Amino acid sequence: MTLFTNIIDIISEHGIAFLKASWMTISITAISLLFAMIIGFIFSSFKISSNKILNRIADLYIGIIRGTPLIVQIMFLYYGIANFVTLSSFTAGALALGIHTGAYIAEIIRGAVQSIDRGQLEAARSLGMPKSLAMRRIIFPQAYKRAIPPLGNQFIISLKDSSLVAYISVTDLYNTALTVQGENFMPFETYFVVGLYYLIIVLIFTFITNKVEKKLDVSKPKEALPA
Amino acid sequence: MIEIRQLSKSFGSLQVLKNIDLTIKQQEVVVLIGSSGSGKSTLLRCLNFLETANGGEIIIDSELINSDKTNLNKVREKVGMVFQHFNLFPHKTVLENIIEAPIYVKREKKEHAILKAQKLLQKVGLRDKANFYPEQLSGGQKQRVAIARALAMEPQVMLFDEPTSALDPELVGEVLQVMKELAREGMTMVIVTHEMGFAKEVADRVIMLADGYIIEENHPNELFSNPQHERTQRFLNQVL
């Protein structure tokens, strides 16, 4: 029973600190995701574009980012370029996380767009729609609904990956666990508690994503109205 | 109306169209036949520039189209296309499918576009389906909506790429009926189809393609009853 009482002790003693740290984890993830979405949109359109140079740029970006570990990217932005630009640990962390996730989001969006039947674009073009209009009016409204499940998945991965910013001393959930554990020498109980915090955040987020997904479900048409 | 000169098209090393010459007059109904791989669908798609020809000229409405300078979107407004698999926009209702291009491409007023769409739906017998989603319609109904959608742009030519091939047999008739009506009204039409009975009844001219060449063309009565080319005879024996 000591395990159980230890856990209760940790929560009652450090619960507030963990809550604050949760907020840090959530905010650094949210800011990085906002950034990642912008990057994702830009690079996915580069990849979809018929311009070979833009294709190459996107391939290069995605190749480099996916080919190197996130922790290396975080360290690089915080320590690596410190001689040229000094970023706060929060900025460096959010930036690294955003750049990293952006590459994956670019691929998710590209996949969703390319999963739309070719006939859709052909039909739109055959009606005289320029490509940009056809993409905006016909392809994207169908694609973004398909992108939501994999995006939700990617957001969860990012939330958990944000724990790596502890290594550049952002006081997020994981960093707080490291500190607490350093004081109480109870790794089992401390990591159990911090795991619980992550789990709860992820579960709340999953719940929200599922709601959004249901609301946007294209496969179920709205009730037909009388003409 | 449409003049094709020496049109050729290759996919990689495979040449699907070889120096095609073809003139289609105003109000003419031309049916393209031939076995699969003969190039008939590709020829149709070249007329709408969904495929870019490798050589030759296409003149639509006395305007040479193959030059890079022509605005393909403007040309496509004049040339309506109906696809084998309908390609309706699944996220839009029947009405929204039809008014989309008139509003966003032709900049028509919404009320005007809706009025026109309702008339077109009446014409294809689907007035009561305006607010349905494509998924709620049968194949034949979908194809009739697709025809109405193309007509909403007030095209000068309509291209049909095997419009009944994806339909259950009992639904073919309703689509052909709409097409016959269009032909009767004097629409210029180019149709790829395997419906020989329809071709016989409606076409002014039937064109037989094989291996990327036009091997025979004639009035349907003549071509069906007295095919000259050996390959046409064989093809007709197989499908009739």
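The values are calculated or read from the model by the stated rules, or taken from the named source; none is laboratory data. Because the structure is predicted, anything quoted here is derived from the model rather than measured. Backbone-built Cβ (ideal geometry, glycine too); neighbour counts: all protein chains shown.
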Matching residues in region B:145-162 (more than 9 Å from every other protein chain (Cβ to nearest Cβ), under 18 Å from B:Val175 (Cα atoms) and either in contact (Cβ under 8 Å) with a residue 60 or more places away in the chain or part of a loop (DSSP other than H, G, I, E, B) (or both)) number 7
Fill in: Test for A:Leu77: is it over 30 Å from A:Phe192 (Cβ atoms) and either at pLDDT below 95 or loosely packed, with under 13 Cβ neighbours inside 10 Å (or both)
no
Filtering region B:1-31 down to residues that are part of a loop (DSSP other than H, G, I, E, B) and buried (at least 17 other Cβ atoms within 10 Å of the Cβ) yields B:Met1, B:Glu28
B:Lys74 vs (1) at the interface with another protein chain (Cβ under 9 Å from one of its Cβ atoms); (2) touching a Lys or Arg at 6+ places or on another chain (Cβ under 9 Å); (3) surrounded by fewer than 18 Cβ atoms within 10 Å (Cβ to Cβ): all pass except (2)
| query | within 20 Å of the chain's Cα centre (by Cα), assigned to a helix (DSSP H, G or I) and closer than 25 Å to B:Thr188 by Cβ: does that describe B:Lys142? | reply | yes
Is region B:66-85 home to any residue that is over 20 Å from B:Leu182 (Cβ atoms), in contact (Cβ under 8 Å) with a residue 12 or more places away in the chain and among the charged types (D, E, K, R)? no
Picking from A:Arg66, A:Arg146, A:Arg110, A:Arg56, the residue that is within 14 Å of chain B (Cβ to nearest Cβ) and assigned to a helix (DSSP H, G or I) would be A:Arg146
Taking region A:21-38 and keeping residues without any contact (Cβ under 8 Å) to a residue 60 or more places away in the chain and either within 23 Å of A:Glu189 (Cβ to Cβ) or in contact with a strand residue (DSSP E or B) (Cβ under 9 Å, 6 or more places away or on another chain) (or both) leaves A:Trp23
A careful count of residues in region B:92-143 that are farther than 24 Å from B:Lys74 by Cβ, facing chain A (nearest Cβ under 9 Å) and either touching a residue at least 60 places away in the same chain (Cβ under 8 Å) or of a type in the set (Ser, Thr, Tyr) (or both) gives 2
A:Gly152 passes all but one of the listed conditions (1) out of contact with any Ser or Thr (no Cβ under 7 Å at 6 or more places or on another chain); (2) part of a helix (DSSP H, G or I); the exception is number (1)
A:Ile138 fails exactly one of (1) of a type outside the set (Gly, Ala, Ser); (2) more than 10 Å from chain B (Cβ to nearest Cβ); (3) touching a Phe, Trp or Tyr at 6+ places or on another chain (Cβ under 7 Å), namely (2)
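I'm trying to understand the selection: among the residues of region A:196-209, which are touching a helix residue (DSSP H, G or I) at 6+ places or on another chain (Cβ under 9 Å) and at pLDDT 90 or above?
Across region A:196-209, the qualifying residues are A:Leu196, A:Tyr197, A:Tyr198, A:Ile200, A:Ile201, A:Val202, A:Phe205, A:Thr206, A:Ile208.
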Restricting region A:115-135 to residues that are small (Gly, Ala, Ser) and facing another protein chain (nearest Cβ under 7 Å), the one nearest to B:Val75 (Cα to Cα) turns out to be A:Gly128
Within region A:20-36, the residues that are among the hydrophobic types (A, V, I, L, M, F, W, C) and loosely packed, with under 15 Cβ neighbours inside 10 Å are A:Trp23, A:Leu34
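Listed residues B:Gly56, B:Gly34; which is touching a Leu at 6+ places or on another chain (Cβ under 6 Å), of a type in the set (Gly, Ala, Ser) and crowded, with 23+ Cβ neighbours inside 10 Å?
B:Gly34
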From the option list A:Val72, A:Val113, single residue qualifying as farther than 26 Å from A:Ser27 by Cα and under 23 Å from the mean Cα position of the chain (by Cα) is A:Val113
Flagged in region A:156-212 as in a helix (DSSP H, G or I) and among the small types (Gly, Ala, Ser), in numbering order, are A:Ser158, A:Ser162, A:Ser163, A:Ala166, A:Ala177, A:Gly182, A:Gly195
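To keep it simple, each residue is scored yes or no on (1) acidic (Asp, Glu); (2) within 23 Å of B:Pro220 (Cα to Cα).
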{"site": "B:Asn19", "(1), (2)": "no, no"}
{"site": "B:Val30", "(1), (2)": "no, yes"}
{"site": "B:Asn71", "(1), (2)": "no, no"}
{"site": "B:Arg76", "(1), (2)": "no, no"}
{"site": "B:Ala101", "(1), (2)": "no, no"}
{"site": "B:Glu111", "(1), (2)": "yes, no"}
{"site": "B:Leu126", "(1), (2)": "no, no"}
{"site": "B:Ala130", "(1), (2)": "no, no"}
